[in-house]
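Trainee: This structure is in C-alpha coordinates; I'll ask about it shortly.
The values are calculated or read from the model by the stated rules, or taken from the named source; none is laboratory data. The model shown is predicted, which means the values in this text are computed figures rather than measured ones. Positions of Cβ are backbone-derived with ideal geometry, glycine not excepted, and every protein chain shown enters the neighbour counts. Ligands, DNA and RNA are excluded from the accessible area calculation, which covers all protein heavy atoms including side chains. Shrake-Rupley method; radii C 1.70, N 1.55, O 1.52, S 1.80 Å.
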Amino acid sequence: MGSWESNLLKTSRGVFEVFMKGEGEPLCVTHHYSEFNQSGDYFAETFTKTNKVFLINLRDAGNSEKAKEHYQLSFLETIFDLEAIREELGFDKWGFAGHSTGGMLGIIYGIYFSKSLKFNVIVGAAAREYMTFSKDCIYNPKHSKFNRMQELNETMKRSDLSSEKRKELKVERTKLSLFEPEKYDELFSPNISKGMSAIRMDFFSRELQVYDVTKKLEFISTPTLIICGRYDVQCPVIYSIEMEAGITNSKLVIFEKSNHYPFLEEAEQFTEEYKSFIKEHQFL
(Lines give C-alpha, C1' and ligand atoms only; values in the text may rest on other atoms or scores of the structure.)
Protein backbone atom coordinates (compact mmCIF):
# COMPACT_ATOMS: atom_id res chain seq x y z
CA MET A 1 0.00 0.00 0.00
CA GLY A 2 2.99 2.31 0.45
CA SER A 3 4.08 4.40 3.41
CA TRP A 4 2.69 7.76 4.42
CA GLU A 5 4.64 11.02 4.48
CA SER A 6 5.13 12.19 8.05
CA ASN A 7 5.28 15.74 9.33
CA LEU A 8 5.43 17.48 12.70
CA LEU A 9 3.10 20.46 12.36
CA LYS A 10 3.52 23.42 14.70
CA THR A 11 0.15 24.99 15.51
CA SER A 12 -1.23 27.57 17.94
CA ARG A 13 -2.13 24.66 20.26
CA GLY A 14 1.14 22.77 20.05
CA VAL A 15 2.95 20.37 17.73
CA PHE A 16 1.01 17.50 16.14
CA GLU A 17 2.17 14.50 14.14
CA VAL A 18 0.43 14.35 10.78
CA PHE A 19 0.72 11.64 8.11
CA MET A 20 -0.24 12.49 4.52
CA LYS A 21 -1.13 10.48 1.45
CA GLY A 22 -3.22 10.80 -1.72
CA GLU A 23 -4.44 13.61 -3.96
CA GLY A 24 -7.64 15.62 -4.14
CA GLU A 25 -9.86 17.47 -1.67
CA PRO A 26 -8.33 17.58 1.84
CA LEU A 27 -9.74 15.01 4.25
CA CYS A 28 -8.96 14.77 7.96
CA VAL A 29 -8.97 11.26 9.46
CA THR A 30 -8.28 10.38 13.08
CA HIS A 31 -9.33 8.12 15.95
CA HIS A 32 -9.79 9.12 19.58
CA TYR A 33 -7.03 6.93 21.05
CA SER A 34 -5.11 5.23 18.21
CA GLU A 35 -1.41 5.92 17.61
CA PHE A 36 -0.60 6.01 13.91
CA ASN A 37 2.73 5.68 12.12
CA GLN A 38 4.02 5.75 8.54
CA SER A 39 2.36 2.41 7.78
CA GLY A 40 -0.96 4.28 7.82
CA ASP A 41 -4.39 3.00 8.74
CA TYR A 42 -6.92 0.69 7.04
CA PHE A 43 -9.77 3.17 7.30
CA ALA A 44 -7.70 6.15 6.15
CA GLU A 45 -6.28 4.14 3.23
CA THR A 46 -9.81 3.79 1.86
CA PHE A 47 -9.88 7.48 0.93
CA THR A 48 -6.40 7.96 -0.57
CA LYS A 49 -7.55 7.39 -4.17
CA THR A 50 -10.05 10.24 -3.95
CA ASN A 51 -8.61 12.65 -1.38
CA LYS A 52 -5.48 14.16 0.09
CA VAL A 53 -5.73 12.45 3.46
CA PHE A 54 -4.32 13.93 6.66
CA LEU A 55 -4.07 11.17 9.27
CA ILE A 56 -3.55 12.78 12.66
CA ASN A 57 -2.06 11.61 15.92
CA LEU A 58 -4.02 13.44 18.58
CA ARG A 59 -2.61 14.93 21.77
CA ASP A 60 -0.66 12.30 23.77
CA ALA A 61 -0.59 9.90 20.80
CA GLY A 62 2.62 9.15 18.94
CA ASN A 63 4.89 12.19 18.68
CA SER A 64 2.12 14.76 19.13
CA GLU A 65 1.87 17.34 21.90
CA LYS A 66 1.41 15.99 25.44
CA ALA A 67 -1.56 16.93 27.56
CA LYS A 68 -0.66 19.31 30.38
CA GLU A 69 -4.13 18.90 31.88
CA HIS A 70 -6.45 15.88 31.64
CA TYR A 71 -9.29 17.94 30.17
CA GLN A 72 -7.17 18.48 27.07
CA LEU A 73 -7.93 14.83 26.15
CA SER A 74 -11.67 15.48 25.95
CA PHE A 75 -13.81 15.34 22.81
CA LEU A 76 -14.27 19.11 22.54
CA GLU A 77 -10.64 20.01 23.27
CA THR A 78 -9.62 17.49 20.62
CA ILE A 79 -11.79 19.30 18.08
CA PHE A 80 -10.11 22.58 19.03
CA ASP A 81 -6.79 20.87 18.25
CA LEU A 82 -8.07 19.69 14.87
CA GLU A 83 -9.23 23.22 14.07
CA ALA A 84 -5.76 24.54 14.87
CA ILE A 85 -4.27 21.93 12.53
CA ARG A 86 -6.71 22.86 9.75
CA GLU A 87 -5.85 26.54 10.13
CA GLU A 88 -2.11 25.87 10.09
CA LEU A 89 -2.47 23.79 6.92
CA GLY A 90 -4.22 26.76 5.32
CA PHE A 91 -7.61 25.19 4.57
CA ASP A 92 -10.79 27.23 4.91
CA LYS A 93 -12.65 23.92 4.98
CA TRP A 94 -11.84 20.22 4.76
CA GLY A 95 -13.70 16.95 4.95
CA PHE A 96 -13.69 14.69 7.98
CA ALA A 97 -13.99 10.92 8.17
CA GLY A 98 -14.00 8.93 11.38
CA HIS A 99 -14.52 5.29 12.29
CA SER A 100 -15.76 4.19 15.73
CA THR A 101 -14.52 6.75 18.30
CA GLY A 102 -13.18 8.70 15.32
CA GLY A 103 -16.79 8.91 14.15
CA MET A 104 -17.79 10.23 17.56
CA LEU A 105 -15.24 13.00 17.09
CA GLY A 106 -16.82 13.69 13.70
CA ILE A 107 -20.19 14.17 15.38
CA ILE A 108 -18.73 16.71 17.85
CA TYR A 109 -16.87 18.39 14.98
CA GLY A 110 -20.09 18.74 12.99
CA ILE A 111 -22.07 20.10 15.94
CA TYR A 112 -19.61 22.87 16.78
CA PHE A 113 -17.73 23.52 13.52
CA SER A 114 -19.88 22.58 10.54
CA LYS A 115 -18.64 25.83 9.01
CA SER A 116 -15.17 24.23 8.81
CA LEU A 117 -16.35 21.02 7.15
CA LYS A 118 -17.19 20.41 3.50
CA PHE A 119 -18.58 17.00 4.42
CA ASN A 120 -18.56 14.46 7.23
CA VAL A 121 -18.31 10.66 7.09
CA ILE A 122 -19.27 8.79 10.27
CA VAL A 123 -18.74 5.02 10.33
CA GLY A 124 -19.72 2.62 13.11
CA ALA A 125 -20.27 5.32 15.72
CA ALA A 126 -22.89 6.75 18.08
CA ALA A 127 -24.05 10.12 19.39
CA ARG A 128 -24.43 8.83 22.95
CA GLU A 129 -23.11 6.21 25.30
CA TYR A 130 -23.86 2.93 23.56
CA MET A 131 -23.18 0.23 26.18
CA THR A 132 -25.66 0.51 29.03
CA PHE A 133 -28.92 0.10 27.13
CA SER A 134 -27.90 -2.19 24.29
CA LYS A 135 -27.40 -5.91 24.91
CA ASP A 136 -26.20 -6.16 21.30
CA CYS A 137 -23.12 -4.16 22.26
CA ILE A 138 -20.06 -6.22 23.18
CA TYR A 139 -19.36 -3.73 25.99
CA ASN A 140 -22.69 -4.55 27.65
CA PRO A 141 -22.40 -7.16 30.46
CA LYS A 142 -25.25 -9.15 28.91
CA HIS A 143 -23.30 -9.74 25.71
CA SER A 144 -21.81 -13.22 25.49
CA LYS A 145 -18.32 -11.90 24.62
CA PHE A 146 -18.30 -9.05 27.15
CA ASN A 147 -15.84 -10.57 29.63
CA ARG A 148 -13.31 -11.56 27.01
CA MET A 149 -13.37 -8.13 25.38
CA GLN A 150 -12.77 -6.47 28.75
CA GLU A 151 -9.82 -8.78 29.43
CA LEU A 152 -8.29 -8.02 26.07
CA ASN A 153 -8.63 -4.25 26.41
CA GLU A 154 -7.14 -4.17 29.90
CA THR A 155 -4.27 -6.50 29.02
CA MET A 156 -3.33 -4.45 25.96
CA LYS A 157 -2.81 -1.36 28.13
CA ARG A 158 0.19 -3.05 29.73
CA SER A 159 3.58 -1.70 28.72
CA ASP A 160 5.39 -4.97 29.48
CA LEU A 161 3.68 -7.06 26.78
CA SER A 162 5.95 -8.61 24.16
CA SER A 163 5.26 -7.45 20.62
CA GLU A 164 4.26 -11.00 19.67
CA LYS A 165 1.75 -11.29 22.52
CA ARG A 166 0.32 -7.84 21.78
CA LYS A 167 -0.17 -8.80 18.14
CA GLU A 168 -1.91 -12.04 19.16
CA LEU A 169 -4.33 -10.19 21.45
CA LYS A 170 -5.07 -7.52 18.83
CA VAL A 171 -5.99 -10.19 16.31
CA GLU A 172 -8.32 -11.89 18.77
CA ARG A 173 -9.95 -8.59 19.71
CA THR A 174 -10.50 -7.62 16.09
CA LYS A 175 -12.03 -10.99 15.23
CA LEU A 176 -14.73 -10.34 17.83
CA SER A 177 -15.89 -7.45 15.65
CA LEU A 178 -15.93 -9.19 12.25
CA PHE A 179 -18.99 -10.59 10.46
CA GLU A 180 -16.81 -13.47 9.28
CA PRO A 181 -13.88 -13.82 11.72
CA GLU A 182 -12.29 -16.52 9.58
CA LYS A 183 -11.54 -13.81 6.97
CA TYR A 184 -9.21 -11.91 9.27
CA ASP A 185 -6.01 -12.80 7.36
CA GLU A 186 -7.69 -11.90 4.08
CA LEU A 187 -8.87 -8.50 5.34
CA PHE A 188 -5.92 -7.34 7.43
CA SER A 189 -2.43 -6.96 6.00
CA PRO A 190 0.61 -7.17 8.29
CA ASN A 191 1.99 -4.10 6.49
CA ILE A 192 -0.25 -1.76 8.52
CA SER A 193 0.21 -1.47 12.26
CA LYS A 194 -0.83 1.04 14.89
CA GLY A 195 -0.67 1.43 18.63
CA MET A 196 -2.97 2.72 21.34
CA SER A 197 -2.61 5.69 23.67
CA ALA A 198 -3.50 4.26 27.08
CA ILE A 199 -3.94 7.70 28.65
CA ARG A 200 -6.37 8.75 25.91
CA MET A 201 -8.32 5.50 26.14
CA ASP A 202 -8.58 5.80 29.93
CA PHE A 203 -9.92 9.36 29.67
CA PHE A 204 -12.34 8.32 26.92
CA SER A 205 -13.68 5.50 29.11
CA ARG A 206 -14.62 8.06 31.74
CA GLU A 207 -15.99 10.72 29.40
CA LEU A 208 -18.09 8.12 27.60
CA GLN A 209 -20.19 7.61 30.73
CA VAL A 210 -21.70 11.10 30.34
CA TYR A 211 -21.53 11.32 26.54
CA ASP A 212 -24.86 12.20 24.91
CA VAL A 213 -25.14 14.81 22.15
CA THR A 214 -28.32 13.47 20.53
CA LYS A 215 -30.23 16.70 21.18
CA LYS A 216 -27.52 18.70 19.41
CA LEU A 217 -27.45 16.64 16.20
CA GLU A 218 -29.71 19.23 14.56
CA PHE A 219 -26.79 21.68 14.65
CA ILE A 220 -24.84 19.57 12.13
CA SER A 221 -25.44 21.34 8.82
CA THR A 222 -22.64 19.85 6.72
CA PRO A 223 -23.54 16.95 4.35
CA THR A 224 -23.10 13.78 6.40
CA LEU A 225 -22.70 10.18 5.28
CA ILE A 226 -23.45 7.65 8.02
CA ILE A 227 -22.37 4.03 7.49
CA CYS A 228 -22.79 1.06 9.80
CA GLY A 229 -22.58 -2.71 9.58
CA ARG A 230 -25.87 -4.45 10.32
CA TYR A 231 -24.10 -6.64 12.91
CA ASP A 232 -21.85 -4.02 14.52
CA VAL A 233 -21.14 -5.24 18.07
CA GLN A 234 -19.28 -2.12 19.17
CA CYS A 235 -21.69 0.65 18.19
CA PRO A 236 -24.88 -1.23 17.23
CA VAL A 237 -26.78 -0.07 14.17
CA ILE A 238 -29.63 1.47 16.19
CA TYR A 239 -27.31 4.36 17.03
CA SER A 240 -26.61 5.10 13.36
CA ILE A 241 -30.36 5.04 12.68
CA GLU A 242 -30.76 7.52 15.52
CA MET A 243 -28.10 9.80 14.05
CA GLU A 244 -29.72 9.85 10.63
CA ALA A 245 -33.00 10.90 12.24
CA GLY A 246 -31.27 13.74 14.08
CA ILE A 247 -28.99 15.11 11.34
CA THR A 248 -31.02 16.91 8.69
CA ASN A 249 -28.58 16.73 5.79
CA SER A 250 -27.59 13.08 6.23
CA LYS A 251 -27.72 9.73 4.49
CA LEU A 252 -27.49 6.35 6.21
CA VAL A 253 -26.20 3.23 4.48
CA ILE A 254 -26.40 -0.09 6.33
CA PHE A 255 -24.02 -2.83 5.19
CA GLU A 256 -25.76 -6.19 5.44
CA LYS A 257 -22.65 -8.39 5.62
CA SER A 258 -20.54 -6.32 7.97
CA ASN A 259 -19.83 -5.99 11.64
CA HIS A 260 -17.62 -3.08 12.80
CA TYR A 261 -15.40 -2.85 9.69
CA PRO A 262 -17.62 -2.28 6.61
CA PHE A 263 -14.77 -0.48 4.81
CA LEU A 264 -12.92 -3.83 4.79
CA GLU A 265 -15.72 -6.39 5.02
CA GLU A 266 -17.59 -4.89 2.06
CA ALA A 267 -14.82 -2.72 0.68
CA GLU A 268 -16.09 -2.36 -2.88
CA GLN A 269 -19.55 -1.24 -1.80
CA PHE A 270 -18.04 1.11 0.78
CA THR A 271 -15.93 2.84 -1.88
CA GLU A 272 -18.91 3.08 -4.23
CA GLU A 273 -21.11 4.63 -1.55
CA TYR A 274 -18.45 7.15 -0.61
CA LYS A 275 -17.76 8.16 -4.22
CA SER A 276 -21.47 8.51 -4.88
CA PHE A 277 -21.85 10.71 -1.79
CA ILE A 278 -19.01 13.13 -2.63
CA LYS A 279 -20.05 13.23 -6.29
CA GLU A 280 -23.63 14.07 -5.33
CA HIS A 281 -22.35 17.00 -3.28
CA GLN A 282 -19.85 17.97 -5.99
CA PHE A 283 -16.74 17.23 -3.96
CA LEU A 284 -15.30 14.91 -6.64
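Trainee: Of all the C-alpha pairs in the stretch 125-284, what % are more than 27 Å from each other? Intermediate results must be reported in sequence, preceding the final value.
Mentor: Numbers: 4035 of 12720 pairs.
Percent of Cα pairs beyond 27 Å in the stretch 125-284: 32.
Trainee: In the stretch 9-98, which trypsin sites (Lys or Arg not before Pro) fall in coil by DSSP and have 14 or fewer other Cβ atoms within 10 Å?
Mentor: Working: sites: Lys10, Arg13, Lys21, Lys49, Lys52, Arg59, Lys66, Lys68, Arg86, Lys93; in loops: Arg13, Lys49, Arg59, Lys66, Lys68, Lys93.
Counting only loop positions with at most 14 other Cβ atoms within 10 Å, the trypsin sites (Lys or Arg not before Pro) in the stretch 9-98 are Lys49, Lys66, Lys68.
Trainee: Cα-Cα over 32 Å: which of Lys10/Lys165; Lys165/Lys251; Lys21/Lys170? Kindly include the intermediate steps, with their values, before the conclusion.
Mentor: Values: Lys10/Lys165 36 Å; Lys165/Lys251 40 Å; Lys21/Lys170 25 Å.
In this structure, Lys10/Lys165; Lys165/Lys251 lie more than 32 Å apart at Cα.
Trainee: Another one. In the stretch 164-251, with Lys and Arg counted as +1 and Asp and Glu as -1 at Cβ, which of these residues, Ile238, Val213, Asn191, has the Cα nearest the positive end of the dipole, that is, farthest along it?
Mentor: Result: Asn191, furthest along the dipole toward the positive end.
Trainee: Can I ask one more? At a Förster radius of 30 Å, what calculated FRET efficiency corresponds to the Cβ-Cβ distance of Phe146 and Asn63, to the nearest 0.05?
Mentor: Values: r = 35 Å, r/R0 = 1.15.
The calculated FRET efficiency here is 0.30.
Trainee: Can you tell me which of Val210, Val29, Val53 moves the most in a GNM of the chain? Springs connect C-alpha atoms under 10 Å apart.
Mentor: Highest fluctuation of the listed residues: Val210.
Trainee: So, counting K/R as plus one and D/E as minus one, what does the shell of residues with Cβ under 13 Å around Phe188 add up to?
Mentor: Working: positive: Lys167, Lys170, Arg173, Lys175, Lys183, Lys194; negative: Asp41, Glu45, Glu172, Glu180, Glu182, Asp185, Glu186, Glu265.
Around Phe188, the charge tally is -2.
Trainee: Run the count for the stretch 42-122, please: Lys pairs, Cα-Cα under 30 angstrom, 8 or more apart or on different chains.
Mentor: Within the stretch 42-122, the lysine pair count is 14.
Trainee: With springs only between Cα atoms under 10 Å apart, run a GNM on the chain and tell me which of Phe54, Phe119, Phe146 wobbles the most.
Mentor: So, out of Phe54, Phe119, Phe146, the one fluctuating most is Phe146.
Trainee: Starting from the stretch 139-174, pick out the trypsin sites (Lys or Arg not before Pro) whose DSSP state is loop and whose Cβ has at most 11 other Cβ atoms within 10 Å.
Mentor: Details: sites: Lys142, Lys145, Arg148, Lys157, Arg158, Lys165, Arg166, Lys167, Lys170, Arg173; in loops: Lys142, Lys145, Lys157, Arg158.
Counting only loop positions with at most 11 other Cβ atoms within 10 Å, the trypsin sites (Lys or Arg not before Pro) in the stretch 139-174 are Lys142, Arg158.
Trainee: Pulled fully out, how much extra length does the chain show between Leu8 and Glu172, if you take 0.36 nm times their separation in residues and subtract their Cα-Cα distance? Before the final figure, lay out each step's value.
Mentor: On the way: separation 164, 0.36 × 164 = 59.04 nm, distance 3.30 nm.
Result for the pair: 55.7 nm of gain on full extension.
Trainee: Can you tell me the relative contact order of the chain? Whole percent, Cα pairs under 8 Å, sequence separation 6 or more. Walk me through the intermediate numbers first.
Mentor: On the way: 559 pairs, mean separation 54.8, N = 284.
Computed value for the chain: 19 percent relative contact order.
Trainee: Quick check for you: with a 1.4 Å probe and neighbouring chains kept, what is the accessible area per residue of the chain, in Å²? Present the calculation step by step, with values, prior to reporting the outcome.
Mentor: Numbers: 12920 Å² over 284 residues.
Heavy-atom accessible area per residue stands at 45 Å².
Trainee: Would you kindly work out the equivalent ellipsoid of the chain from its C-alpha gyration tensor and give its semi-axes, the square roots of five times the eigenvalues, largest first in whole Å?
Mentor: Working: eigenvalues 124, 101, 80 Å².
Semi-axes, largest first: 25, 23, 20 Å.
Trainee: Need one number: % antiparallel among DSSP beta bridges in the chain, to the nearest 5. Could the numbers behind the result be given before it?
Mentor: Working: 14 of 37 bridges.
Here the antiparallel bridges make up roughly 40 percent for the chain.
Trainee: Please give the length that would be gained between Ser163 and Glu88 if that part of the chain were fully extended, namely 0.36 nm times their separation in residues minus their C-alpha to C-alpha distance (nm, one decimal). Numbers along the way, then the final one.
Mentor: Values: separation 75, 0.36 × 75 = 27.00 nm, distance 3.57 nm.
The Ser163-Glu88 span can extend by a further 23.4 nm.
Trainee: Separation between the Ser205 and Phe219 pseudo-spin-labels, each 7 Å from Cα along Cα→Cβ, expressed in nm?
Mentor: 2.9 nm
Trainee: Using +1 at the C-beta of Lys and Arg and -1 at the C-beta of Asp and Glu, which of Gly106, Ser74, Leu178 has the Cα lying farthest in the positive direction of the dipole of the stretch 73-192?
Mentor: Leu178
Trainee: So how strong a dipole does the stretch 27-165 carry about its Cα centre when Lys and Arg Cβ are +1 and Asp and Glu Cβ are -1, to the nearest 20 debye? List each step's numbers first, then the result.
Mentor: Values: 17 positive and 18 negative charges, 93 e Å.
Charge dipole, the stretch 27-165, about its Cα centre: 440 debye, nearest 20.
Trainee: Continuing with this model, one more query. Assigning unit charges at the beta carbon (Lys, Arg +1; Asp, Glu -1) and nothing else, what dipole magnitude in debye, to the nearest 20, does the stretch 3-75 show about its Cα centre?
Mentor: My answer is approximately 200 debye.
Trainee: Give the longest segment of the chain that steers clear of GluC sites (Glu not before Pro) in DSSP loops with at most 11 neighbouring Cβ atoms within 10 Å, not counting the sites themselves. Don't skip to the end; give the middle numbers.
Mentor: Values: sites that count: Glu23, Glu69, Glu256.
That gives 70-255 as the longest site-free run.
Trainee: For the stretch 112-229, give the percent of accessible area contributed by carbon and sulfur heavy atoms, probe 1.4 Å, rounded to a whole number. Present the calculation step by step, with values, prior to reporting the outcome.
Mentor: On the way: 3120 of 6300 Å².
Carbon and sulfur atoms account for 50 percent of the accessible area of the stretch 112-229.
Trainee: About its Cα centre, what dipole magnitude does the chain give when the only charges are +1 on Lys and Arg Cβ and -1 on Asp and Glu Cβ, stated in debye to the nearest 20? Each step should come with its number before you reach the end.
Mentor: Working: 36 positive and 42 negative charges, 79 e Å.
Its charge dipole is roughly 380 debye.
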